[in-house]
Amino acid sequence: MKAVIANDHGAVDLAARIVRHLKERGIDVTYLGTDKEESVDYPDKAEECVNEYRKGGYDFGVLLCGTGIGISISANKMKGIRCALPQTRYSAEMTKRHNDANFIAFGGRVEYSEDPVEILDAYIDATFEGGRHERRISKMMALEGR
Ligand code: RB5
């Protein structure tokens, strides 16, 4: 598996933890930073990460900012991106099974009631179910640009 990951200054520690975890799982990681506390704008990191993903060969992308909200909204403005922001293992699993989310976002300043690394694992370990969900995703993606 191959993943691309980027974050703003609001999620430096969580991003480092996630990169370490992905590598421990044997996943090939392209890390785009930032690994510094200096302020960077989350839409810029979202764009950089999606552009890298679009080069091809990636199974999924991970985006992080303080809340995960700004960076996920930014990514979802780009064509073909379905970036989920799950708060639980259940919703992470379901967003792969039903929405075929190709990006997952987290907040470095959020107090999760479940470990975000376990939430990420639930997403990675799930499989898209296809079938009726294909139709719904086609309709979802047809909303782009409207
Ligand atoms: C940056 O201060 C913060 O606004 C950003 O990390 C994120 O939480 C935005 O949604």
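Read-outs: derived from the displayed coordinates by stated rules, not from any lab. Bear in mind that the values here come from a model prediction, so they are computed numbers and not experimental data. Methodologically, a virtual Cβ is constructed for each residue, glycine included, from the backbone with ideal geometry; neighbour enumeration extends over all protein chains shown.
Residues Leu32, Leu22, Leu64, ranked from the fewest to the most other C-beta atoms within 10 Å, line up as Leu32, Leu22, Leu64.
Taking Cβ atoms as reference points and 14 Å as the exclusive limit, the residues near Glu114 contribute a net charge of -4, counting Lys and Arg as +1 and Asp and Glu as -1. By the helix-only formula, in which each DSSP H run with n ≥ 4 contributes -39500 (n - 2.57) and the sum is divided by residues, the chain has a 222 nm mean residue ellipticity of -13000 deg cm²/dmol. Close amide H contacts of Val62 (hydrogens built in the peptide plane, cut-off under 5 Å, sequence separation of 5 or more or a different chain): Val4, Ile5, Ala6, Ile104. Length gained on full extension, Asp13 to Ser113, computed as 0.36 nm times the residue gap minus the Cα-Cα distance: 34.2 nm. The trypsin sites (Lys or Arg not before Pro) of the range 64-127 meeting both criteria, a DSSP state outside H, G, I, E and B (loop) and at most 15 other C-beta atoms within 10 angstrom of the site's C-beta, are Lys77, Lys79, Arg109.
Rounded to the nearest 20 debye, what is the charge dipole size of the range 1-85 about its Cα centre when +1 sits on each Lys and Arg Cβ and -1 on each Asp and Glu Cβ? With only Lys, Arg, Asp and Glu charged at Cβ, the dipole is about 440 debye.
From Cα pairs below 8 angstrom and at least 6 apart in sequence, can you work out the relative contact order of the chain, rounded to a whole percent?
Details: 283 pairs, mean separation 34.1, N = 146.
Computed over the chain, the figure is 23 percent.
Ranking of Thr88, Thr30 by neighbouring Cβ atoms within 10 Å, starting from the fewest: Thr88, Thr30. Please give the net charge around Met78, taking every other residue with its beta carbon less than 13 angstrom from that of Met78, where Lys and Arg add +1 and Asp and Glu add -1. Net local charge, Met78 excluded: 0.
Within the shell of other residues whose beta carbon sits under 12 angstrom from the beta carbon of Ser91, the net charge comes to +1, with Lys and Arg scored +1 and Asp and Glu -1.
When the dipole is taken about the Cα centre of the chain, and only Lys, Arg (+1) and Asp, Glu (-1) are charged at their Cβ, what size is it in debye, to the nearest 20? Write out the running numbers ahead of the final one.
Working: 21 positive and 24 negative charges, 153 e Å.
So the magnitude is around 740 debye.
For the chain, the longest principal axis of the alpha carbon atoms and the long axis of helix 12-24 meet at an angle near 60°.
Which longest run of the chain has no exposed loop site in it, a site being GluC sites (Glu not before Pro) in a DSSP loop with at most 12 other beta carbons within 10 Å, and the site itself not part of the run?
Values: sites that count: Glu37, Glu38, Glu111, Glu144.
Longest stretch, sites excluded: 39-110.
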